[in-house]
Amino acid sequence: MGRRSQEDRDAITVEIGYALVSAAFVAAAGFGGVIAPALALDLSGAAERALTMVGGAVAALAFVARLVHVLWRFPHRSDERPLPSEPSESPSPKSSPSSESAE
């Protein structure tokens with residue numbers, strides 16, 4: 001296995017940052033979705049504690065699932081498309097001359 005270039009290390013760093021931020025957002029949304037009834041309704045203390053615990057479990061599960069999903073797909077995506085600094089191998093679309101019709 002060869003050394004990674006600076007572009008590869010930068011891409012990995014950005015992907016890890018994106019994975020962490022998006023996982024935190026998904027976890028917060030999951031926790032908020034579970035805890036919302038406790039905030040909206042007048043529930044007993046035991047029910048609020050239960051919803052908070054379930055919300056924490058949902059948030060942890062959502063965080064890990066999103067993190068794994070994003071990072072698992074990263075190596076496969078880099079093979080599908082070239083880096084922005086690399087020229088694409090697809091030919092550029094040829095512009096067709098516009099045909100003007102004289103009427």
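How much of the calculated P(r) for the stretch 10-56 lies past 18 Å, in percent of all Cα pairs?
Of all Cα-Cα pairs in the stretch 10-56, 44 percent lie more than 18 Å apart.
Could you look at the stretch 2-77 and say what percent of its accessible area is carbon and sulfur, using a 1.4 Å probe and all protein chains?
Values: 3730 of 5220 Å².
After summing per-atom areas, the C and S share lands at 71 percent.
The values are calculated or read from the model by the stated rules, or taken from the named source; none is laboratory data. Owing to the predicted nature of the structure, the values given are computational and were not obtained by experimental measurement. Ligands, DNA and RNA are excluded from the accessible area calculation, which covers all protein heavy atoms including side chains. Shrake-Rupley method; radii C 1.70, N 1.55, O 1.52, S 1.80 Å.
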